[in-house]
Amino acid sequence: MKFGTIGAGTVALAFARQALSAGHHVVLSCRHGPESLAGKVAELGDGASAATVEKAASLDYVLLAVPWPNVEDALRGLPAWNGRVLIDATNPFSEYSPKLLLADLGETGASEVVAALAPSARVVKAFNSIITDRFNEGPSKNGGRRVIFVSGDDSEPKEFIKGMIKSFGFEPIDLGGLVTGGRLQQAGGPLAGRDLVDFGYH
């Protein structure tokens, strides 16, 4: 499988490492152009490449992993999604330094904002609730498997992403649709940043 990324920061790179380890290919992109990603591509190794945002976003499965203030610009002017899958790994932080501040979205969830900016995309919320250091550490903790939450309104891509998370060694937990599940797992929600572990007792 070949995945595109919009963004090439810590979240996108953590995802790329897991995907490459599972035998997938990853096409990184960022607003500074593919040439700026040569070092990251070399570090990731076989299966990694870089392209323009438009090219990476044309793939069937695309990870959105940019700072929240950049989301609108990152999605503007892209080709029509036409049912392709946008994996939303963003969190609605309006500021990152000197401390994290949540954006005021009113009664709207972050993934609902993303979905509105990417009409005709099938949006699945995933990889946003696990802290990047833990993602990089890997799935194993105390004899169990770390949990990654998934939310979305379309069962087919959601099941695919849950299977992919399992192939990474993590345990996916389906929180339902974007409206309810997305708000549970986004920054500020009750499940954001929790290092939950599944021990397989169920």
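The values are calculated or read from the model by the stated rules, or taken from the named source; none is laboratory data. Note that the coordinates shown come from a computational prediction; the quantities given were computed from them, not determined experimentally. Positions of Cβ are generated from backbone atoms using ideal geometry, with glycine treated the same way; all protein chains shown enter the neighbour counts. Surface accessibility is based on the protein's heavy atoms, side chains included, excluding ligands, DNA and RNA. Shrake-Rupley method; radii C 1.70, N 1.55, O 1.52, S 1.80 Å.
Limited to the stretch 67-94, what total is found for residues that are of a type in the set (D, E, K, R), out of contact with any helix residue (DSSP H, G or I) (no Cβ under 8 Å at 6 or more places or on another chain) and either free of Cβ contacts under 8 Å to residues at least 12 places away in the same chain or crowded, with 16+ Cβ neighbours inside 10 Å (or both)?
Residues that pass the stated criteria total 1.
How many residues are part of a loop (DSSP other than H, G, I, E, B) and over 21 Å from GLY83 (Cβ atoms) when one looks only at the stretch 168-196?
Total satisfying the criteria: 14.
Which one of ALA19, ALA56, ALA50, ALA42 is open to solvent by less than 10 Å² (accessible area, probe 1.4 Å) and free of Cβ contacts under 8 Å to residues at least 60 places away in the same chain?
Selected residue: ALA56, the only one of ALA19, ALA56, ALA50, ALA42 that is open to solvent by less than 10 Å² (accessible area, probe 1.4 Å) and free of Cβ contacts under 8 Å to residues at least 60 places away in the same chain.
List, please: which pairs have Cβ atoms under 9 Å, are six or more places apart or on different chains, and start with a residue in the stretch 133-146 that is of a type in the set (Phe, Trp, Tyr) and end with one that is open to solvent by less than 60 Å² (accessible area, probe 1.4 Å) and in a strand (DSSP E or B)?
Listed by first residue and then by second, the contacts come to PHE135/ARG146; PHE135/ILE148.
Being in contact with a Lys or Arg (Cβ under 8 Å, 6 or more places away or on another chain), more than 15 Å from GLN18 (Cβ to Cβ) and polar (S, T, N, Q) narrows it down to one residue among SER155, SER151; which is it?
SER151
Select, from ILE161, ILE148, ILE165, the only residue that is outside any helix (DSSP H, G or I), at pLDDT 90 or above and crowded, with 18+ Cβ neighbours inside 10 Å.
Exactly one of ILE161, ILE148, ILE165 is outside any helix (DSSP H, G or I), at pLDDT 90 or above and crowded, with 18+ Cβ neighbours inside 10 Å, namely ILE148.
Out of (1) open to solvent by 70 Å² or more (accessible area, probe 1.4 Å); (2) under 16 Å from PRO119 (Cα atoms), the odd one out for LEU64 is which?
Every listed condition holds for LEU64 apart from (1).
Return yes or no: is SER129 assigned to a loop (DSSP other than H, G, I, E, B), under 16 Å from the mean Cα position of the chain (by Cα) and among the polar types (S, T, N, Q)?
yes
Across the stretch 121-139, what is the total count of residues that are within 17 Å of ILE173 (Cβ to Cβ), open to solvent by 20 Å² or more (accessible area, probe 1.4 Å) and not charged (D, E, K, R)?
Counting residues in the stretch 121-139 that are within 17 Å of ILE173 (Cβ to Cβ), open to solvent by 20 Å² or more (accessible area, probe 1.4 Å) and not charged (D, E, K, R) gives 2.
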